[in-house]
Amino acid sequence: MRIQLFLIVLLKPYKTSRMKKLFTLVSITFTLAVSSQTQIANGGFELWDNPTGSNAEPQQFNSNKTGSSNAQLGPQTCFREATNPHSGTYCVRLETTNFIIAVVNGNATTGVVNAPTTSKADGNVGTVNFSNATDIRKMAFTGRPDSLVGWYRYTSGGTGEQGKVRAILHTGDYWDPETPTTHHPACIANKIGAALFMAPTGNQTAWKRFSVPFSYTSTANPTHIMVNMTSSANQLTTIAGSKIWLDDIAVVYNSTKVNTLVNPETVKVYSSNKTIFVDYSEVNIQESVLTVYDITGKIISTYNIENGKVNSFEFSNLNSGLYLYQLTGADLKKSGKLILE
């Protein structure tokens, strides 16, 4: 049996244009020995500073409105979204917006949005504020996760536009892009590993889960994580209007137990009265997701599956007929057909 406790650890606040309290959500797993697995703080975007103002930002994250002095001159690109979050009450919406001298990429980061000059090519996200070297923003993180996961929706502003989420595990200070310039020093030696999600081009109207692996370049343990999110992956884009909605950003750790894929036959999936049941009462499977499709392959819904119980999902609004399902996770792959009637 594994017992997980979640603690909120209050760290020293840092000062920007307003005060924020930085905390780290720590998951402690008790097995035969005790080990810690850090999570991304406020990855569900439920906690906000100045939520309805022109510099709304999820706590633990920053936009250009609290960036370096030049960055603050730009328009609002980060918004609290209460309409149709993936879970909870809110998600974050990032929007690429026209400005007087340039298009400003929608952005939110655990670091600082730096604009050393008015040239977009010089912009970067760093742990140090270019305008104030005493303003250092880092999210504490000590784990070595297997993958970065989350949920997104996307509206493209034009051809080639893509949303992006990048997580960098590091020690010391860091900047993204890493290439040293006159505006920041080399930092690649501080990199432990990174994960990168690039949203496909085009629109994604329904919530869709992403999962991307961390690639490690060092065997050392990180001390911090930098999470950078944008509605326009191309730093030099001149296209306004792209929007990305993000929710439930987290990391996933490999299980320490020796395990292979779970036999799909041990997991029962069945339906009755327009309700789908997924029986996880007799198995302990690392994070998995149920996706339901219509007969044309269109996604109807996606759900996270809980261990140790029979999960049930009602579809009373659907027409009777044949539907497809897929269960996917680190330990399980299973798909099949169900009749809802």
Over region 60-86, the set of residues within 24 Å of ALA140 (Cα to Cα), among the polar types (S, T, N, Q) and not in a loop (DSSP other than H, G, I, E, B) is ASN62, ASN64, THR66
Note on region 206-236: residues β-branched (Val, Ile, Thr), closer than 29 Å to GLN326 by Cβ and buried (at least 21 other Cβ atoms within 10 Å of the Cβ) are VAL227
Checking SER147, SER156 in turn, the sole residue that is in contact (Cβ under 8 Å) with a residue 12 or more places away in the chain, within 24 Å of ASP247 (Cβ to Cβ) and surrounded by 21 or more Cβ atoms within 10 Å (Cβ to Cβ) turns out to be SER156
For ASN203, the lone unmet condition from (1) of a type outside the set (D, E, K, R); (2) buried (at least 16 other Cβ atoms within 10 Å of the Cβ); (3) within 19 Å of the chain's Cα centre (by Cα) is (2)
With the first residue restricted to region 120-143 and required to be under 19 Å from ASN70 (Cβ atoms), and the second required to be in a strand (DSSP E or B) and acidic (Asp, Glu), Cβ contacts under 7 Å at 6 or more apart or on different chains are ASN124/ASP176; VAL125/ASP176; ASN129/ASP135
When restricted to ALA167, ALA186, the only residue outside any loop (DSSP other than H, G, I, E, B), of a type outside the set (Phe, Trp, Tyr), out of contact with any helix residue (DSSP H, G or I) (no Cβ under 7 Å at 6 or more places or on another chain) and on the phi < 0 side of the Ramachandran plot is ALA167
So, first residue not assigned by TED's automatic domain parsing to the domain that holds PRO116 and crowded, with 21+ Cβ neighbours inside 10 Å in region 70-93, second residue part of a helix (DSSP H, G or I) and among the hydroxyl-bearing types (Ser, Thr, Tyr), Cβ within less than 6 Å, six or more apart or across chains; the pairs are none
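The values are calculated or read from the model by the stated rules, or taken from the named source; none is laboratory data. Because the structure is predicted, anything quoted here is derived from the model rather than measured. Because the Cβ atoms are built from the backbone with ideal geometry, glycine has one as well, and the counts that use them run over all protein chains shown.
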